[in-house]
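The values are calculated or read from the model by the stated rules, or taken from the named source; none is laboratory data. Remember, predicted model here, so these are calculated numbers, not experimental data. Note that each Cβ is placed from the backbone with ideal geometry, even for glycine, and that neighbours are counted across all protein chains shown. Just so you know, the surface numbers come from the protein's heavy atoms only, side chains and all, with ligands and any DNA or RNA stripped out. Shrake-Rupley method; radii C 1.70, N 1.55, O 1.52, S 1.80 Å.
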Amino acid sequence: MRYRFTASFVALVAVSALIQIVSAQNSQQTQAQKASTAKDQPFDPHDISGIWKNPGGFDAALGTARPPMTDWGKEKWSKTRASARNTPLAFGFYKDQKDWNDPLFECDPSGYPRNLDYSNYRFVKLPNEFVEFFERDHVWRDLWTDGRKLPGADAKPRWYGYATAYWDGDTLVVESSGYDDRTWVDPYGSIHSDQMHLEERYKRLDHDNLEFSITLTDPKAYTGAWGGKKLKLRLINTSQQIQKGLWGKRPDGTAYGDMREEYCVYSIERRFWEGRPLGGIGGEDKK
């Protein structure tokens, strides 16, 4: 009896191990097939159209190695009060909501590049530009490819700046400036001036992967350049948080794509502040 039990137990363990091995092999084969499919699918290296997944927020896009600030930059930064951000990028750690003065808490536009922290991105190719759409604020940027130059220093600042683009081989280079200096660069209160200039580089590696980097220069606020790290964005069919089954399916059984809408609605946002002074928002006049 003991021998039969032992033999059965050994056989059970052997079968279980075999199932695990086969399962692991199947999983590896499936992953390899997906990777192979992505690389094998045709794509136009001069077309970055599609919805691309956020690579992980602001830290991934510019990094935390912020260059030293100028005296002007330090003075402006000293007035920021990020929402309980315990990080060297924040001027201080302010736990109480009444001390915070993040412009987003009044539903001011997040601006660029800050809205990289909240959105997936969608590019649409048009004859004379790429249009870049964002979930956050449900806004877009025009990336002009028709040969125009960036406006001069007398151009009225914009929340999302002015942008031009050109192809350097298979890399789309985007140059932008003219940003409104009321926005923060990140959630931690990193500032910029009206002299901020951004260079973005996009290169489609294959059908499903887009290489991306961004470099910030602002001689009025910082003593050196910030960023330049290469990231990989992944093509997705639809944004996260889209209602399941909203659009049904295509005739071939695949789901229709879509991009979510993410607004800051002040009638909702104000509830966060009910019963608390807005001392940190907008200056002394609101205390």
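Here are a few things to note about the model shown:
- Overall shape: oblate for the range 130-287, with the ratio a/c of the largest to smallest alpha carbon gyration tensor axis at 1.5 or above and b/c at least equal to a/b.
- Shape category assigned to the range 113-185 from the gyration tensor of Cα positions, a/c cut at 1.5: oblate
- Square roots of five times the Cα gyration tensor eigenvalues for the range 147-199, Å: 22, 15, 7
- Protein-only accessible surface order, largest first, of His138, His197 at 1.4 Å: His138, His197
- For Asp117, solvent-accessible area (1.4 Å; no DNA, RNA or ligand), Å²: 50
- Asp40 sits with roughly 110 Å² accessible to a 1.4 Å probe, with DNA, RNA and ligands left out of the calculation.
- For the range 62-177, the square roots a ≥ b ≥ c of the C-alpha gyration tensor eigenvalues yield an a/c of 1.5 or more together with a/b exceeding b/c, which makes the shape prolate.
- Lys249 versus Tyr166: modelled label distance in nm, points set 7 Å from Cα along the beta carbon direction: 4.8
- The chymotrypsin sites (Phe, Trp or Tyr not before Pro) of the range 39-147 that DSSP puts in a loop, and whose beta carbon has at most 12 other beta carbons within 10 Å, are Phe93.
- Ranking by accessible area, most exposed first, for His192, His207 with a 1.4 Å probe: His207, His192
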